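Please read the structure below before turning to the comments.
The values are calculated or read from the model by the stated rules, or taken from the named source; none is laboratory data. In this text the structure is predicted, and so the values were computed from the model without any measurement. Here the Cβ is made from the backbone with ideal geometry for all residues, glycine too, and neighbour counts use every protein chain on show.
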Amino acid sequence: MDKLKEQILRTSGVNTLKCMRCGKCSGTCPSYDEMEYHPHQFVYMVEKGEIEPLMKSKSLYKCLSCFACVERCPRNVEPAKIVEAVRLMVIRQQGENHLTANDIPDLLDEDMPQQAIVSAFRKYSK
Amino acid sequence: MKVSYFPGCTLKNKAKDLDKYARLCALKLGVELEEIENWQCCGGAFSMGEDEIASKLSSVRALQYAKEKDQYLVSVCSACHNVLKQTNYQMQNNSDFAFKANNYLAFDNPYNGETKVIHYLELLRDVIGFDKIKENTVNPLKDKKIAAYYGCLLLRPSKVLAMDDAENPSIMEDFIKAIGATPVVYPYRNECCGGYATLEDKNLVNKKSGLVKNSAKNNGADLIITACPLCKYNLEKNNNTDIPVVYITELLAEALGLKEE
Amino acid sequence: MQRIGVFVCWCGSNIAATVDVKAVAEALKSEPGVVFSTDYQYMCSQAGQDLIKEAIKEHKLTGLVICSCSPRMHENTFRKVAADSGINPYMVEIANIREQCSWVHKDKAIGTEKAIILARAAVAKVHLNTPLTPGESEVTKRALVIGGGIAGIQTALDIADAGYKVDIVETKPTIGGKMAQLDKTFPTLDCAACILTPKMVEVAQNENVRIFSYSEVTEVGGFVGNFTVKIKKKARYVKEDVCTGCGLCTEKCPMKKVPNDFNLGMNNKGAIYIPFAQAVPKVATIDPNYCNMLKNGKCGLCAKVCTAGAIDYTQKDEIIEEKYGAIVAATGYNPISLDKFDEFAYNQSKDVITSLEFERLTNAAGPTNGVLLRPSDLKHPKTIVFVQCVGSRCSADASKGKEYCSKICCMYTAKHAMLTRDKYPDTDVYVFYIDVRTPGKNFDEFYRRAVEEYGVHYIKGMVGKVIPEGDKLIVQGSDLLDNKQLKIEADLVVLAAAIEPDKSARNLATMLTASMDTNDFFTEAHPKLRPVESPTAGIFLSGTCQGPKDIPETVSQAGAAASKVIGLLAKDKLKGNPCVAHSDELMCNGCSSCERVCPYKAITYVDKEFRMPDRTTKVRRVAFVNEAVCQGCGACTVACPSGAMDLKGFKSKQIMAEVDAICK
Amino acid sequence: MQVNEFKPKIVAFCCNWCSYAGADLAGNNRLNYPDNVKIIRVPCSCRVNPMFILRAFQRGADGVILCGCHPGDCHYTSGNYYTRRRMALLFSMLEYLGIEKERTRVEWVSAAEGAKFSATMNEFCEQVAALGENKRLEDLRCKQ
C-alpha cells in the first residue's frame, strides 16, 4: 500500500472501506462552502491513495473539528479523523506549519480568549 | 463534598466570571471545586491522531490527580471538558496509547482511565440535582426566555461525551427551567460557532455564529447562555443580531443571589 | 455374537480400478463375527440387492457391512434391503470406499489397504449396533398462525383451503396488519384496502378458520405434530358475538382524546373504538386506560346507547388452551424509533414524519381524509423532501440503526413521490438517495416513471440535518453528483425509517424454541433450500418476521409456509429419527447439564421412583429425552458428566470401536 | 516414494452435514489427500467426546482432526460452538500432557469445500508427520 495512505490510516485509526458513499458527512459539514475538497472526498481520496492534492489543499484548515460528521456518519467512519490525519501529516513536516508565533500578534484583538490561540496552534502547527 | 477542578487557561484570564461563579455557586450547593495543583493547559482542542501522545499528557496528568484523590474531575469550559473526556476515553480503549502515555509520565501507579470526568452541568444535574438548584433559587428568572447554546464540544462525539442526546439535548434546557426561566429550543443550538477558525477566517466564523444567533432570536430568545469562552467570543463578535450572550455560571449565580453587581 | 455379512461393491471400475475388491472381501473373512464376505459389480443394482437378500437368508445374517459409495448416496437403499429381508435397517453400516478411498488414492495397494481398514471399522461398529425403531407420534390436524397481517391471512387461507382447521391469533383488535394502513401498493398502484379487505372477509367467513383477535400467545409446549398452546383473549369489554359493529358507541363516547394508533397518533379516537371501517371482526373494543367507566365507574354511556346490549364492563381476560400440529410465525414488522436520529428533527417538528405516517396522510380513511395536508398547520405542502435509508445500512459499531437494507423503502418512496406529483402537480418533490434498489418485476420501470414522467427530483446524497426554521424545514444535504451542499426549504420531510421485527417476536421465539438472528428476525432452517421452515420442527415462518420483504414476496412466502404446513398435517403419524439421545436412568445424577446444552429443549427432568438393592424405594430426579423433539446432534452426550447420556446409532462405544479399528 | 517414509495415523471426525459431505466432494472431484487419513462420521462435531480423542491417541493415532460446519451454519444451530469451546480446553490440556498442539486441530469445512478438505488434510498430515510418532499417550499394552 501507498506509504502516505498507510500513515494516514494508522494516524487516524479509520477504516475507509467502511464508507458506503452516502455523503452525509458533507451534507452536515458547517465548513462545506469554504472547502475545495469536502469530507466525503477526503475519505474517498484517501481510500484511492490520492493524498497529495489533499495535503496541498486549504480545506485542511477549514475543518472546525466540530465532530458533526463523526456523530452523524451511519457507518461510523469518522471523516474528521481523516482530515486531522492529513493535516498532521503536513504540519509534522519541517517548515510546514500553517501558523507561526510571529503571525499571532496581528490576528489578536483584546477580547480574544486564550483558548482560541491554543486551539488554533494545536490544529495548525507543530 | 469535594471534586477535582480543572479550570483551564481561559478561565484564569479572559473568562474569570465563568470561573468565579462556578466556584461560588457550587459551594453554595454543597460542592467544593478543588483546583488541581500545577495543572497544565489541555491544548484547547483534542488532537484526533491516534499517534499523538505528547499533546494529551497534560490531560492524563489531571486525570491521574483526580484518581489519586478519588474524586470526579470537573471542568466548566466545554473545550477542556471535551479534551479531558476524549483523552480519558482513549486511555480506556486504546491500550497502545495508554501504554505509551504511562511510559512518558512514569506514575507510581499507571493510569488506565479510572477517573470519571464530568462537566459542570453534569455536576449540577447528576451530583447536586436540578431540584436542589430550584430550592436554592432566590431570584427566579421568570420573564427570561433563554436559548441554550451547546455548540459542538459539549455533546460530540456522543459515544465519548455521553452527556446527553447529541441531536436533541435537554440538559441545559432543564437547567434553565430549574432557575425559573423559560428555555427556547432552536435548531442551531448544537451547530458549530466557527471555533478556532476565528483566528484566521473571520468571515467563516461570522457566518456560522450569525446562524446561531439569528436562529435563537427568531425563536424568541432574549438571551443566549454558553459554557464555552470561545463560543461566547465568536457569538459576541457577530454584530448582525443583537442578543446578549452570558456564561451559564453567571446566570446561575444571579438566580442563587450570588451575583455581584 | 453378530453374524455379519460383508459386501464389497466394485461400482463398475470406480472402486475396482484402485481397490482390489476381491482382496478386501477376502481379508474381511477373517474378521471376528464375519460369516460371509463377497464382492459384486454393482451392489446397488437389483441383482446386487438380490445377492444381499439371498446371503441374509442363507447365512442367517444379523448385521451388514456394505463397502461402497458414500452413505449419503445409498445408505437408505441398503437399509431398505435389510428391512425387506427381516433385519432391522439400523443394523447396516456403510464403509465409504469410493469417495474416501478409491477416488482419492491412485495406488492400488494403498487403496486396498485403506479399504480394508475402513471395512474393519464398519464391522467393529456393526458388532455394537442394536435394532432401532423410529418413534411415531400423532399429528393434531390443526394449525396456528401467529399474526393476522397479510402474511398470516394468506397462510391461514391456503391451509384452510386444503381442508385443515387453522386459528389466527392477532394482538390488535382487528386483523389486517400493516397492509391495512397503507394507501396504494407498488408497482401497480392498486389500493391496499381494495385488495386486502376482501381477503379479510374471506378469512373471517371461512369455516375452517377461527380468528382470535385482541389475543396473544402466552405459552407453547409440546413438539411437532403435538403443540399445546395457551392463548390469552384480552378483555375487550364488548361481547364479540353480540356486537353488531354499528359504531354508535364510538360516536357517543365522551372521551375523545385517545391517540388513534391506527393513524399512528396523528388524530384521536374514543375510549371505545373500532380501528377502521372494514375491521375484522367488526366489533368495538374499550381501551381500559382511557375509559372513565372502567377507571372510576363514572359514565356508562356506551352501554346505554348499545341497542344490542353488547357492552360488558365486567369482562375478564380469558385463557384458551388448544392443540396444534404446526405453528406459523407471522409477527411482522414495525418502523424503528427515530429517537436516535434527531438530526432529522423528527421529535422537534410535527412536519417531519415517517413514511408510514405519510401513508395515513394520503389514505382516504386517514386523519386528513386523504388530502395531503401537513400535520402542523394543515396546509398543503408545496415542497416535500423524502430521505431514504434512515436507520438502514448502519454499521454495527455506529450504535444506532440497523445493519441491513430494509428493502421496501426505495419502492414505497418512489410510490409516494409519484403519487404526490400525480395528485398535486404544483408540488416539488425531492428524494435523497444513496442507491436506488429496485430488483423486482416492474420495479425499476416504476422508479424510472417517477423520474421521467412525474418529474421527481432524485438527488444522490444524504441529508445531514433538518433545521425547522419558522414554518419551513431547511433540509441540508449533499448532492454528490453536483458536488454541492444543498439547502432546500421544505414544507414536509418524510423519513424512510428502517423496519425491524415486531417486539413480540423475541418472546415468541423463546416460547417456540425457534432461533433468531442478531436483528431478531427468525432464522430459516436453510437460507436457500428451506426458507420458510424454522430449524425447529413444526415451526414455520411467514412474512417479514423472517426478514424485510414487500407484499408480493410476503404472499408467496405465506403460500410456501402453508404448503409446508399442509404437508405436515396431511400425515397421520410422524416417523422420527431413531438416532436420538437416550439417558441411562441408573447412571443419571440429575445434574441438568444435558438440559442446558440441548438446542431443542428436548430434555426435561422427571422425578422417578427407583427400587434400591435393599428393597426400599427412592425418588430420584433423572433426565428424560423427548424422542420426538430430539434431533440427534449429541451435544448432551458430551456434556453429561456421569456418562448416562448416549446417542443411539452413534453410541460412544460404537465410535470408540471405530477408533480402535482405525488405529490398529 | 521412499520406503521408510513415516506415515502418521490420522483420525478425522467429520460431521454428517457439512464436513463429511465436503470429504465426499473432495472424492467426487478426485482431489487427493493422504490415505492415512481415516474418517469417522458423527452427526455433529459436538458429538465428539474428548474421550474419543484421548482413545485415539491411546491407540496410537499420531494426529486427530475434527471437522464441522462453519460457525453459524451448524445443522443443529449451535453444536459447533460447543465443539469450539470444548476442544480449546481439551487441546490445551493435551498440550500440557505433552501432545503438541500441532497434532490436534478443529477445522470448519462446508459441504461445498471439497478443495479445502483435501488441502487441510494434506497440510495437517505434513504437519503431524514432521512431529514424528506420538509416543506420549500411546498405550503400548494395546499394541498387538
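Quick one: is C:Lys232 under 30 Å from C:Thr536 (Cβ atoms) and surrounded by fewer than 20 Cβ atoms within 10 Å (Cβ to Cβ)?
The answer is yes for C:Lys232.
Looking at (1) surrounded by fewer than 18 Cβ atoms within 10 Å (Cβ to Cβ); (2) within 14 Å of chain A (Cβ to nearest Cβ); (3) over 27 Å from B:Ile225 (Cα atoms), can you tell me which one B:Lys16 breaks?
Every condition holds for B:Lys16 apart from (3).
Please enumerate the residues belonging to the range C:528-583 that are of a type in the set (A, V, I, L, M, F, W, C) and within 17 Å of C:Leu512 (Cβ to Cβ).
Listed by number, the residues that qualify are C:Val532, C:Ala537, C:Ile539, C:Phe540, C:Leu541, C:Cys545, C:Ala561, C:Val565, C:Leu568.
Would you say C:Ala558 is under 28 Å from the mean Cα position of the chain (by Cα) and among the small types (Gly, Ala, Ser)?
In short, yes.
Can you find, within the range B:246-261, the residue that is surrounded by the most Cβ atoms within 10 Å (Cβ to Cβ) among those that are touching a Phe, Trp or Tyr at 6+ places or on another chain (Cβ under 9 Å) and assigned to a loop (DSSP other than H, G, I, E, B)?
B:Leu258
When the range D:91-105 is examined, which residues are found to be within 14 Å of chain C (Cβ to nearest Cβ) and surrounded by fewer than 20 Cβ atoms within 10 Å (Cβ to Cβ)?
Passing the criteria: none in range.
Is it the case that C:Tyr424 is more than 8 Å from every other protein chain (Cβ to nearest Cβ), touching a residue at least 24 places away in the same chain (Cβ under 8 Å) and over 39 Å from the mean Cα position of the chain (by Cα)?
yes
At least 3 residues that are of a type in the set (Ser, Thr, Tyr), more than 12 Å from chain C (Cβ to nearest Cβ) and surrounded by fewer than 20 Cβ atoms within 10 Å (Cβ to Cβ) in each: list the helices (runs of 4 or more DSSP H) lying fully within the range A:1-114 that qualify.
none
Taking D:Asp62 as meeting all but one of (1) within 7 Å of chain C (Cβ to nearest Cβ); (2) over 21 Å from D:Ser110 (Cα atoms), write down the number of the exception.
(1)
Only one of these is more than 19 Å from C:Phe223 (Cβ to Cβ), free of Cβ contacts under 8 Å to residues at least 24 places away in the same chain and in contact with a strand residue (DSSP E or B) (Cβ under 9 Å, 6 or more places away or on another chain): C:Asp502, C:Asp520. Name it.
Only one candidate qualifies: C:Asp520.
Kindly indicate the residue of the range B:87-101 that is buried (at least 22 other Cβ atoms within 10 Å of the Cβ) and not small (Gly, Ala, Ser) and also nearest to the other protein chains (Cβ to nearest Cβ) among those meeting that condition.
The residue in question is B:Gln90.
Any idea which of C:Lys53, C:Lys80, C:Lys125, C:Lys60 is in contact with a Lys or Arg (Cβ under 8 Å, 6 or more places away or on another chain) and not β-branched (Val, Ile, Thr)?
C:Lys60
Of B:Leu199, B:Leu223, which residue is within 12 Å of another protein chain (Cβ to nearest Cβ) and hydrophobic (A, V, I, L, M, F, W, C)?
B:Leu199
Restricting the search to the range C:354-397, which residues are surrounded by 22 or more Cβ atoms within 10 Å (Cβ to Cβ), over 30 Å from C:Ile274 (Cβ atoms) and in contact with a strand residue (DSSP E or B) (Cβ under 9 Å, 6 or more places away or on another chain)?
Of everything in the range C:354-397, those that are surrounded by 22 or more Cβ atoms within 10 Å (Cβ to Cβ), over 30 Å from C:Ile274 (Cβ atoms) and in contact with a strand residue (DSSP E or B) (Cβ under 9 Å, 6 or more places away or on another chain) turn out to be C:Pro381, C:Ile384, C:Val385, C:Phe386, C:Val387, C:Gln388, C:Cys389, C:Val390, C:Gly391, C:Ser392.
Only residues that are in a helix (DSSP H, G or I), more than 8 Å from chain D (Cβ to nearest Cβ), surrounded by 18 or more Cβ atoms within 10 Å (Cβ to Cβ) and not hydroxyl-bearing (Ser, Thr, Tyr): list them for the range C:85-113, please.
C:Pro89, C:Met91
Can you name every residue in the range C:472-503 that is farther than 18 Å from C:Tyr430 by Cβ and surrounded by fewer than 18 Cβ atoms within 10 Å (Cβ to Cβ)?
Selection gives C:Lys503 alone.
Of the conditions (1) out of contact with any Pro (no Cβ under 7 Å at 6 or more places or on another chain); (2) within 29 Å of C:Tyr333 (Cα to Cα); (3) buried (at least 18 other Cβ atoms within 10 Å of the Cβ), C:Asp444 satisfies every one except a single condition; which number is it?
The one condition C:Asp444 does not meet is (3).
Restricting attention to the range C:504-562, which residues are farther than 28 Å from C:Tyr412 by Cα, within 13 Å of another protein chain (Cβ to nearest Cβ) and of a type in the set (S, T, N, Q)?
Residues satisfying the conditions are C:Thr513, C:Ser515, C:Ser534, C:Thr536.
Is it the case that some residue within the range C:89-97 is modelled with pLDDT of 95 or more, over 24 Å from C:Pro578 (Cβ atoms) and out of contact with any Lys or Arg (no Cβ under 6 Å at 6 or more places or on another chain)?
Checked the range C:89-97: at least one residue is modelled with pLDDT of 95 or more, over 24 Å from C:Pro578 (Cβ atoms) and out of contact with any Lys or Arg (no Cβ under 6 Å at 6 or more places or on another chain).
Could you please let me know if B:Ala62 is in contact (Cβ under 8 Å) with a residue 60 or more places away in the chain, in contact with a Ser or Thr (Cβ under 8 Å, 6 or more places away or on another chain) and part of a helix (DSSP H, G or I)?
no
Taking the stated definitions as given, is B:Lys217 more than 13 Å from every other protein chain (Cβ to nearest Cβ), basic (Lys, Arg) and either assigned to a helix (DSSP H, G or I) or out of contact with any Lys or Arg (no Cβ under 6 Å at 6 or more places or on another chain) (or both)?
No: the conditions fail for B:Lys217.
Could you check the range C:615-664 and list, in sequence order, the residues that are within 22 Å of D:Tyr76 (Cα to Cα), more than 7 Å from chain D (Cβ to nearest Cβ) and either part of a strand (DSSP E or B) or of a type in the set (D, E, K, R) (or both)?
Within the range C:615-664, C:Ala623, C:Phe624, C:Val625, C:Glu627, C:Met645, C:Asp646, C:Lys648, C:Lys651 qualify.
Tell me, yes or no, whether the range B:135-158 has at least one residue that is more than 14 Å from chain C (Cβ to nearest Cβ), of a type in the set (D, E, K, R) and crowded, with 18+ Cβ neighbours inside 10 Å.
Yes: one or more hits.
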